[in-house]
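Read through the structure below, which is laid out as structure tokens, and then see the notes.
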Amino acid sequence: MVKVTFEIATPEKIVYRESVDQVTVPTLLGEITILPNHIPLVSALSPGELVIQRGEDRISLFVSGGFIEVKPGSNVVVLADAAEHVDEIDVERAEAAKERARKTMETARVETEHYTNAAAELQRSLARLHLASRKRHRGRHGVGSEGTLKDS
Ligand code: ATP
């Protein structure tokens, strides 16, 4: 059966590299799912959930932004600014980041870089919190089988 050769890397490390069935990514234009033989494309990512489907395994990652490149031959590369497994999301840290960003946005002038950075931080923290709470909800109701990341 045809697979997607998939790799996701951050500036620090290769997070995951495997042949998979499909990958769903959050792009600036909305969520897209890449199946084998998808047309080539490049797109920017927005903060949100990246889901890898490999057989029975469903692996859910948070990505903070970056790019996806779909190359000819079902070859997919994601370069993410940051990526962590949903189980690794530190809710307290994300809450703290959210509060910090909110405070900055209250005082900084709208057209400044300071304000823009805070708005981006707010978006990342809200996306992390949203994903973490959805994961807790799924866990309680026993929906979905989450795979594990390999050491790289
Ligand atoms: P903070 O201000 O708390 O650092 P941030 O949104 O600026 O948040 P990022 O730049 O997205 O952080 O990520 C920096 C590194 O920290 C990455 O390795 C990322 O995986 C990790 N990270 C950031 N926030 C969290 C979190 N809430 N839970 C787990 N890992 C996190």
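The values are calculated or read from the model by the stated rules, or taken from the named source; none is laboratory data. Everything numeric here is computed off the predicted structure, so don't read it as measured data. FYI the Cβ positions are ideal-geometry reconstructions off the backbone, even for glycines, and counts take in every protein chain you see. Protein only, heavy atoms only, side chains kept; ligands, DNA and RNA dropped before computing areas. Shrake-Rupley method; radii C 1.70, N 1.55, O 1.52, S 1.80 Å.
Miscellaneous remarks
- Flag: Ala132 matches the condition of being in a helix (DSSP H, G or I), small (Gly, Ala, Ser) and in contact with a strand residue (DSSP E or B) (Cβ under 9 Å, 6 or more places away or on another chain).
- Qualifying positions in the range 65-118 - within 14 Å of the ligand (Cβ to nearest atom), out of contact with any strand residue (DSSP E or B) (no Cβ under 8 Å at 6 or more places or on another chain) and of a type in the set (Val, Ile, Thr): Val91, Thr104, Thr116
Residues are listed down the side, and each one gets a yes or a no for (1) under 12 Å from Ile68 (Cβ atoms); (2) surrounded by fewer than 16 Cβ atoms within 10 Å (Cβ to Cβ); (3) free of Cβ contacts under 8 Å to residues at least 40 places away in the same chain:
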| residue | (1), (2), (3) |
| --- | --- |
| Met1 | no, yes, yes |
| Val4 | yes, no, no |
| Ile8 | yes, no, no |
| Lys13 | no, yes, no |
| Tyr16 | no, no, no |
| Thr33 | yes, yes, yes |
| Leu41 | yes, yes, yes |
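- Single unsatisfied condition, Val76 versus (1) of a type in the set (A, V, I, L, M); (2) within 22 Å of Lys135 (Cβ to Cβ); (3) crowded, with 20+ Cβ neighbours inside 10 Å: (2)
A quick yes/no check of all residues on (1) outside the structural domain of Thr10 (by TED's automatic domain parsing); (2) touching a residue at least 24 places away in the same chain (Cβ under 8 Å):
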| position | (1), (2) |
| --- | --- |
| Leu45 | no, yes |
| Gly48 | no, yes |
| Ala80 | no, yes |
| Ala97 | yes, yes |
| Met105 | yes, no |
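- Residue in the range 83-99 that is open to solvent by 30 Å² or more (accessible area, probe 1.4 Å), within 19 Å of Ser133 (Cβ to Cβ) and under 11 Å from the mean Cα position of the chain (by Cα) present: yes
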